[in-house]
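The values are calculated or read from the model by the stated rules, or taken from the named source; none is laboratory data. Keep in mind it's a predicted model, so treat the numbers as computed, not measured. Glycine also receives a Cβ, built like all others from the backbone with ideal geometry; neighbour counts cover every protein chain displayed.
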Amino acid sequence: MAKSKKSKKDAPAENAVTGALLSTLQERFEKEVKPAVMEKFGIKNPMATPQLSKIVVNVGVGKQLENNKLPAHVKETVLDTLSTVTGQKPVMIRARKSVSNFKVREGAEASAMVTIRRDRMWHFLNRLIHLACPRIKDFRGLPRTSFDAAGNYSMGLTEQGVFPEINMAEVQFTHGMNINLVFRNSTPDISRFVLKQLGMPLKHEEEAD
């Protein structure tokens, strides 16, 4: 029996640079969101359209320091969480200066961070929007005003268990995380429009913080 051949139209889109298969969210951004942004904001040059360049995920652990050292179970849990949810190895960030209020001394391991780009970034964002956010307790939408002047968006999660790949019965330490979406060629209004078009569950204007 002859095998049926799929047409190019039916095949998943590929990244023109790497040849890697595009995530559903990235494909939607390229095919639907970009043209909508250009029309709504009067952008004529495709090169001037906004781009999501990277996502930075950070977990602060300064409050967990004991005698300026991070307990092994805390460090292990945080690093394992970040590598599991992002698919990339995180790094520990040491404090640049002492902060007496938090009992943090210069050089202490104060946070763990991972920066994700390209395919991993889009897959992470897809899981954040469609899997993690709906699992937040009493969820009523993300803040719609957490943008800086360049259009970058920041949000926080109170515990890692909102990601379904994390089994809270096996973790030794419960922690939250800060997630920063970094844009190029953007403003708060443009980034807000882009995220809403991608399905980011931002609060409605009348419910704004």
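In segment 33-43 there is no residue that is in a strand (DSSP E or B) and surrounded by fewer than 18 Cβ atoms within 10 Å (Cβ to Cβ).
No other residue among Gly161, Gly156 is of a type outside the set (Asp, Glu), farther than 17 Å from Ser111 by Cβ and either modelled with pLDDT of 95 or more or not in a loop (DSSP other than H, G, I, E, B) (or both) apart from Gly161. Set side by side, the residues Ala112, Ala132 differ, and just one is outside any helix (DSSP H, G or I) and either buried (at least 17 other Cβ atoms within 10 Å of the Cβ) or at pLDDT below 95 (or both), which is Ala112. Before we move on, is Val85 over 15 Å from the mean Cα position of the chain (by Cα) and crowded, with 16+ Cβ neighbours inside 10 Å? For Val85, the condition - over 15 Å from the mean Cα position of the chain (by Cα) and crowded, with 16+ Cβ neighbours inside 10 Å - is not met. Figure legend. Inter-residue proximity from segment 79-97: first residues in contact (Cβ under 8 Å) with a residue 40 or more places away in the chain and farther than 13 Å from Val61 by Cβ, second residues part of a helix (DSSP H, G or I) and among the polar types (S, T, N, Q), beta-carbon distance below 9 Å, spacing 6+ or different chains. Indicated pairs: Thr84/Gln160; Val85/Gln160. Scanning segment 157-189 for residues that are under 17 Å from Met121 (Cα atoms) and under 14 Å from the mean Cα position of the chain (by Cα) turns up Phe163, Met177, Asn178, Ile179, Asn180, Leu181, Val182, Phe183.
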